[in-house]
1. Checking the cross-link filter: which aspartates and glutamates have an alpha carbon closer than 13 Å to that of residue 78, excluding same-chain neighbours under 8 positions apart?
2. Please work out how much accessible surface residue 320 shows to a 1.4 Å probe, ignoring ligands, DNA and RNA, in Å² rounded to 10.
3. How would 79, 67, 261 line up by accessible area, probe 1.4 Å, largest first?
4. Using a 1.4 angstrom probe on the protein heavy atoms only, line up 260, 68 by accessible area, largest first.
5. Are there trypsin sites (Lys or Arg not before Pro) in the range 100-203 that DSSP puts in a loop and that have at most 15 other Cβ atoms within 10 Å, and which ones?
6. Is the range 117-252 rounded, prolate or oblate when judged by the Cα gyration tensor, a ≥ b ≥ c being the square roots of its eigenvalues, rounded requiring a/c under 1.5 and prolate requiring a/b larger than b/c?
7. Mind running the shape call on the range 56-204? Use the C-alpha gyration tensor, a ≥ b ≥ c as the square roots of the eigenvalues: rounded below 1.5 for a/c, prolate if a/b tops b/c, oblate otherwise.
8. R0 = 45 Å: FRET efficiency of residue 255 with residue 61, Cβ-based, nearest 0.05?
Amino acid sequence: MKRRTLAGSVPSTLMASAAIAVLYGLLGAGTLAGQEAHTCDDRAGLRIAVLDATGLVRVSDADVRIRWVDVVRSPVRKRSGDDGGFTYCAPRDATKATVWAESRDGSSEQASIELIPGETSDVELRVLGEDNPGRLEGRIFDAVTKDPVTTAAVTVAGRRGEVETDRWGRYILTGIPAGAKQFQVRRMGYEPLEYVVTVKPGLTTQVDIGLVPDPVEMEPLVATTVRSRRLESKGFYERQYWGEMLGVGEFLTPEYLERWRPMRMSQLLEQHTMLRPRLVRAGKTRGTLGDCLQVYLDNINVGNLDNGSASSFALNTVLLPSEVAGVEVYRSSTALPGGMMRFGVGQCALVLIWTK
C-alpha cells in the first residue's frame, strides 16, 4: 500500500479537506494517491508533489531537499518539474528521510518519511508563504562529552509537531514564521532547554545546543548563526554538512573568516586550510594532496593560482579576503560530493571560493 505524507498543511481541517477534494476532482485521484507503478525495483521510492498553501496549485521549479536520517549519504537537492513534482529512488540502505521544499514565496514544513523497499511513498509539500518563513538547523550534543545527542525532541513553541535529532545529533525545522520564537529541546537524561531565537525571513539560522546531563550542574551551551543567503543558494551548507560528516572536505564559513581576518588570499589558504604552503605557491607541485591545485572563483576556473613566478601568487592581485563569503577545500576530485564532479581535474586538490 502506498503512503502519503503532507507537510505544511493549512491549519483548518475543513479547508484542507475541501482543498484535497477539489484537487482530486481537477487532477484525478491517481496522481496523488500513488496509483502509478513503482519504478525503483526493490528500492524505496519517493513521489514528491509541491503545492501552494491551499493544496490547489502545483508549484514548479521549487527547491526540494531530501536528507537521509540513518545513513551517511550526501543530501539530495532537486527542482520540481513543470507539474510540481518528481520521483526519486532512495539509497538501498536508507530507511528514513526528511523532505522539505523552498521557493521564492516561502518554504514548506518538513515531512518525515519511513522508507519501505519496493514501495513508493507519496509526499505532498505545501509551501507556506505567510510572513516569508525561515528555518532553524543545527546540532544537539552532550555539553560534557561533546558526543551527539540522538532522538532529542526539538520544536518551536506554537509550531505544529516536533522533530527528532538523527544519529549525528542534527535536526532541521522549516516553515517557521519570522520573529522571536521559543526554541525547545527535550531528551530523557538531560535538563530540558528553552531558548529564544530570532528567525530571519527566508533565511536559515543555525542553532547548536550543548545539553547538560541531569543532574550535572552547569550552564547549557548555545551558539546561533544566521547563514549567508548567497552561500545557501550555492549549496555551500549542504556540502559542508556532507563533507564534515565524512571528513572529505574543509570549509571556511563567513563567521570563521570574520574571526581571523587574514590580509591576503595566500595567507588565507596557507594558514587556514589543509593546503601546504608550497602547493599554494606553485600550483603544479606534487604533494600529498595530489598532482596539482585547481581553483574556482564563483564557478569560474581561474587555473592553478601560479602566474609564472615562484615568489608571487596571482589570486592576491584580483581578490581580497574581505571579499570572500566562503571557501571549500577538497583533497582531490574523488572526494567531491555528487553533482560537483564537473569541477574535478584528475587528482588535483580543489579550492572553491565564493565571493560576497
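The values are calculated or read from the model by the stated rules, or taken from the named source; none is laboratory data. It should be emphasised that the depicted structure is a prediction, and the values quoted were computed from it without experimental measurement. So basically every Cβ, Gly included, is an ideal-geometry build from the backbone, and we count neighbours across all protein chains shown. Just so you know, the surface numbers come from the protein's heavy atoms only, side chains and all, with ligands and any DNA or RNA stripped out. Shrake-Rupley method; radii C 1.70, N 1.55, O 1.52, S 1.80 Å.
1. 61, 63, 102, 238
2. Rounded to the nearest 10, the figure is 90 Å².
3. On the way: 79 135, 67 20, 261 155 Å².
Output order, biggest surface exposure first: 261, 79, 67.
4. Working: 260 125, 68 5 Å².
Ranked from most to least accessible, the order is 260, 68.
5. On the way: sites: 104, 126, 135, 139, 146, 159, 160, 167, 170, 181, 186, 187; in loops: 104, 146, 159, 160, 167, 187.
Of the trypsin sites (Lys or Arg not before Pro), the ones in loops of the range 100-203 whose Cβ has at most 15 other Cβ atoms within 10 Å are 104, 146, 160, 167.
6. Details: a/c = 1.37, a/b = 1.23, b/c = 1.11.
It comes out rounded by the Cα gyration axes.
7. Details: a/c = 2.34, a/b = 1.23, b/c = 1.91.
It is oblate, given that a/c is not under 1.5 and a/b is not larger than b/c.
8. Working: r = 31 Å, r/R0 = 0.69.
The computed FRET efficiency comes out at 0.90.
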